[in-house]
1. Take the conditions modelled with pLDDT under 95 and farther than 19 Å from residue 25 by Cβ and apply them to residue 102. Does it pass?
2. Please go through region 117-129 and give me each residue that is closer than 17 Å to residue 93 by Cβ, without any contact (Cβ under 8 Å) to a residue 60 or more places away in the chain and not hydroxyl-bearing (Ser, Thr, Tyr), ordered by number.
3. Go through the residues of region 41-62 one by one and say whether even a single one is within 18 Å of residue 129 (Cα to Cα), among the aromatic types (Phe, Trp, Tyr), at pLDDT 95 or above and surrounded by 17 or more Cβ atoms within 10 Å (Cβ to Cβ).
4. Return the pairs, sorted by first residue and then second, in which the second residue is charged (D, E, K, R) and surrounded by 13 or more Cβ atoms within 10 Å (Cβ to Cβ), the first residue lies in region 74-98 and is under 17 Å from residue 112 (Cα atoms) and without any contact (Cβ under 8 Å) to a residue 12 or more places away in the chain, the beta carbons are less than 9 Å apart, and the residues are 6+ apart or on different chains.
5. Pick out the one residue from 135, 95 that is at pLDDT below 95, under 22 Å from residue 16 (Cα atoms), touching a helix residue (DSSP H, G or I) at 6+ places or on another chain (Cβ under 8 Å) and crowded, with 20+ Cβ neighbours inside 10 Å.
6. Does residue 110 satisfy the condition of being modelled with pLDDT under 95 and among the basic types (Lys, Arg)?
7. Report whether or not residue 21 is at pLDDT below 95 and under 13 Å from the mean Cα position of the chain (by Cα).
8. Assess whether residue 83 counts as being in contact with a Ser or Thr (Cβ under 9 Å, 6 or more places away or on another chain), surrounded by 14 or more Cβ atoms within 10 Å (Cβ to Cβ), hydrophobic (A, V, I, L, M, F, W, C) and not in a strand (DSSP E or B).
Amino acid sequence: MVNKYRSRFERTLALSLQKAKVPFTYETKSYPVQLKVARVVCTECGSRDIETKSVYTPDFFIGDYIVEAKGKLTAKDRKKYAAFVAQYPEIKYRFIFMRDNKIHRLSKTRYSDWATGIGVPYCIGKFSAKRMKEFKRGKDT
């Protein structure tokens, strides 16, 4: 198998999906996303509601689901994913985190807390049996 994945974690997840016979594609579609720019004021109108265009390419497409696999979840990533969730509410979006780390070393907030806060279900480390069944059925369980 050609290593087309961006990380060992993504490759491991892909192998687990293949072993469970869950059909998926990897990074096959991108979405435009509008991101708010912080601490910027328009010189013409004085508005602080400045946005920039970005493109987001999710990792895994599994049936009706989009699954983002993350090892390190940076502030830039969090901003992009939260914007994606807000702008595409019809999409069934899931996270799988390699570990449930703190979002930064001085914070009490963990990756799981952050995902819950934006309303996205998550797994830690590997897909649970329940999540695999969800993917196979294409329905929330």
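The values are calculated or read from the model by the stated rules, or taken from the named source; none is laboratory data. If you're wondering where the values come from, they're calculated on a predicted model, not measured in any experiment. Methodologically, a virtual Cβ is constructed for each residue, glycine included, from the backbone with ideal geometry; neighbour enumeration extends over all protein chains shown.
1. Working: modelled with pLDDT under 95: no; farther than 19 Å from residue 25 by Cβ: yes.
Answer is no for this residue.
2. Matches in region 117-129: 117, 118, 119, 120, 121, 123, 124.
3. yes
4. Hits for this filter: 77/68; 77/70.
5. Only one candidate qualifies: 135.
6. Details: modelled with pLDDT under 95: no; among the basic types (Lys, Arg): yes.
For residue 110, the condition - modelled with pLDDT under 95 and among the basic types (Lys, Arg) - is not met.
7. no
8. Yes.
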